[in-house]
Amino acid sequence: MAELEIGTIVTGIYKTGKYIGEITEIRPQHYLVKVLGVLKHPMQGDLHSPKDADVLIFHERRALAFREQTNIPKQMVKPFEGEVPHYKESLKEAVEKMKQELEEKPSDWAKLSLQAIESLEKDYFK
């Protein structure tokens, strides 16, 4: 794939979240991406034991903040087509979608994830 340029609007997967952002720097293995929107909220819990409730610490995982910059491996970045959504609206949609998916698959992990998401919502949407 051809190298993307600084200023290109892209989607990028970081940990378990998916974001819309702008490339601000090109590095050997990564693009530095400034977050503009959230397409998929990060999964809750332990990244090393996905969908497992029986872990030492069940992590509350926040979405990357508006304009936060993060290194994303080049293979996880693709050009974005379309209009960039408003950050708060995209975050709200991503949270609602995750909650809906968790409610459809009742499990201990889903219950803990919903609790974590509800806690995050209070902070996100004060």
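Of all the numbered requirements in (1) modelled with pLDDT under 95; (2) over 17 Å from the mean Cα position of the chain (by Cα), residue 47 misses one, and that requirement is (2). Within region 1-27, the set of residues being of a type outside the set (A, V, I, L, M, F, W, C) and out of contact with any strand residue (DSSP E or B) (no Cβ under 9 Å at 6 or more places or on another chain) comprises just one member, 15.
One residue stands out among those in region 79-126 that are among the aromatic types (Phe, Trp, Tyr) and not in a helix (DSSP H, G or I): the one that is nearest to residue 6 (Cα to Cα), which is 80. Every condition in (1) at negative phi; (2) modelled with pLDDT of 95 or more is met by residue 67 except one, and the failing one is (1).
Condition check for residue 86 on (1) surrounded by fewer than 14 Cβ atoms within 10 Å (Cβ to Cβ); (2) within 14 Å of the chain's Cα centre (by Cα): one failure, at (2). Just one of the listed residues (38, 10, 55) is under 17 Å from residue 91 (Cβ atoms) and β-branched (Val, Ile, Thr), and it is 38.
The values are calculated or read from the model by the stated rules, or taken from the named source; none is laboratory data. Quick caveat, the model's predicted, so the values are computed rather than measured. With ideal geometry, Cβ positions are generated from the backbone for all residues, glycine too; neighbour counts draw on all protein chains shown.
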